[in-house]
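The values are calculated or read from the model by the stated rules, or taken from the named source; none is laboratory data. Note that this is a predicted model, so its numbers are computed, not measured. Cβ placement follows ideal geometry from the backbone for every residue including glycine, while neighbour counts extend to all protein chains displayed. These accessible areas exclude ligands, DNA and RNA; they are computed on the full protein's heavy atoms, side chains included. Shrake-Rupley method; radii C 1.70, N 1.55, O 1.52, S 1.80 Å.
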Amino acid sequence: MEDIRQNRLPPPQPLPPPPVVEDIPPYFRCPISMEVMHDPVTISTGVSFERANIEKWFFTYNKKTCPATMQIIVNFDITPNYTLKRLIVSWKMNESCSSASSSSPRPPSMEYDDVVALLKNIELSPFKASSLKKLRLLMAIDDVAAVGAKPIFVQANGFEVLVGLVTQIAICESSNFANFEACEEALGVLSQFPFSKIEKLFELLTRPEAIKSMAIVLQRGSIEGRFYAMELLQQISKKGYDYNSLSKHHAIDLFKSILELASDEIIKKASTVKMTDSSIATQCRYGTLFSSALELLIEIMESSKKCRLLLIEAGAVCIMIDLLPDSNRSKCEKILHVLKLLSDCAEGRLAMAEHIMGIATVTKKMSTSNTATKIGVKILWLICNYHPSERVLEEMMGCGTVKKLVGILNGDGRSSSTKEKAMKIMKLHGSFWRRFPCFPYEFRDYFKLIN
C-alpha cells in the first residue's frame, strides 16, 4: 500500500495560458486570406483586399463576384488604397516600437534630425534611392502620427530638394538608372502631399521641366513610378492648372506620353497568349493606370479647346478607336467620352469620319450601356451634321448604325435628348438611306411618319 502511495501519479499541472493573439484591426486583414495586407486595393464594391489575392480570385479562378459581399461584379477595375496602406505601415511601426521598448514617443527633435539628415544625404550622396525610400516611409506614417514629419520636411525646403531631383531627368536626358530611380522615389514622396493645401508644391511641379520629367516617367518608368507621376498630374489638373501655358512642344510630349501609356495596354493584350499569375497581375496594374490616364485626358480636354487640338495632332482619335473594341463597360464609357470631346472640334470630327473603323466601332459599343448609347449618338450626330459625305452615310448603313438609330426611336428607356438627336439624324439623311435595299423593312412605315 505504501508503494502504491509512493507511485501515485503527480497532480495534473495547470494548462499553459493560450497564446496571445495579436490585436490586429479587422480592416487591416484581407477578407480572403485573413492576413494583414501589404498592398491593399479596392474593387467596385468598396471592399479592400490584398492585391495578389483578389487578382487571383478574378483572373485565375475567373470569379465574377465580390469574395466579401458575393455581389455580382461588372467592373473589374482595381484601385490602390494608399490611405489604408499608410495606416497599416504606421500600425506596424507602432507595434514594433512598443514591443522593442516601452519608452515614450520620440520627441519632435528626433523627427527633425531624421528628416534633415535624410534630405542632406539626398543632396550630397550619389546613392539617393535608399534615403528617399526611408523619407517616403516617414511621410506615409505622418498621416496618423502625433508629431508629423511633413511640417519638418516643408520647413527644411524638402520640396525644392525633391523637385530638383525630378527635373534632372528632363534637363539631362541621358540620365543613368540611379538618377531615374531617384526621380521615381522623389515622385512617390511628393505624391503624399495634397496640392489643395500646399501652393508651393503646385508652383514647383507645374514648371515645364517638372512636367517634362513626369511625361518621361510615364513613358519609361516602372509601374510604381508611373502611378506616382499619374497621381501628381491628376492633382495638378484638379487644382485647375492651365495646360495652355505649356509650349506646344512640351504639351504634345506630355499628351503623347499619356497616349502611349494607353497604347501599352493594346500591346500587352496582343502579346499575351499564355499568362502566368504574375503577368495577369501586371496587366491588371496597367489596366488601373490606363483608367487613370483616360480620366486625366478628360480633365485636360474639358478645361481647354487648344489641348483638344493638340491631342488630335498627337493621334488621340486613332488610339481611342483602337482601344474601344476590347474595353469593358467602365473603360468604354470613358473612351467614348474622350472621343466625344475630340469630336467637338472640326479636326476631331474629320479624323473620326476618315477612320476606316471609327463609325462601326462606336456603333457596336453603343449597346454596352445607356451612357454609352447617349455618348455614341452625340458623336454620330456631330459627324452627320458636319461631315455627311456619301462615304460616311453609306458606311452608317452598312455597319448597322441606321438600324440602331431607328431602334432607339422605337425603344423605351432612352433619354429624350438621345431620341431627339437620333430623330434629327434620321430627318437629315433618311431619304438617302431609304433608297438602300438593306434599310430595315419593318421600319419603312415608321420612317414615313417622321418625315
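Points worth noting:
- Taking amide hydrogens as placed 1.01 Å from N in the peptide plane, the amide H of Thr65 sits under 5 Å from those of Ile73, each at least 5 positions away in sequence or on another chain.
- Counting only protein chain heavy atoms and rolling a 1.4 Å probe, the accessible areas of Cys66, Cys438 rank, largest first, as Cys438, Cys66.
- Largest to smallest accessible area among His387, His249 [probe 1.4 Å]: His249, His387
- Entries in Lys248/Lys419; Lys212/Lys334; Lys63/Lys239; Lys120/Lys256 that, when Cα-Cα distance is taken, lie over 32 Å: Lys248/Lys419; Lys63/Lys239; Lys120/Lys256
- Segment 230-235 - phi-based ³J(HN,Hα) in whole Hz, Karplus 6.51/-1.76/1.60, Gly and Pro as x: 5, 4, 5, 5, 5, 4
- Accessible surface of Trp381 - all protein chains present, 1.4 Å probe, nearest 10 Å²: 50 Å²
- Label zone at His249 (point 7 Å along Cα-to-Cβ), backbone N below 17 Å, segment 208-243: 208-216
- Rolling a 1.4 Å probe over the protein chains gives Ile379 an accessible area of about 0 Å².
- Prolate/oblate/rounded label for segment 329-419 (Cα gyration tensor, a/c 1.5): oblate
- Each of Ser417 and Lys305 was given a label point 7 Å from its Cα along the Cα-to-Cβ line. The distance between the two points is 1.9 nm.
- Where Glu231, Glu123 fall by accessible area, highest first, once all protein chains stay in place (1.4 Å): Glu123, Glu231
- In range of the label at Glu35: residues from segment 51-68 whose backbone nitrogen is under 13 Å from the point 7 Å along Cα→Cβ: 51-54
- A Förster radius of 35 Å combined with the Cβ-Cβ distance from Asp242 to Ala68 puts the calculated FRET efficiency at roughly 0.25.
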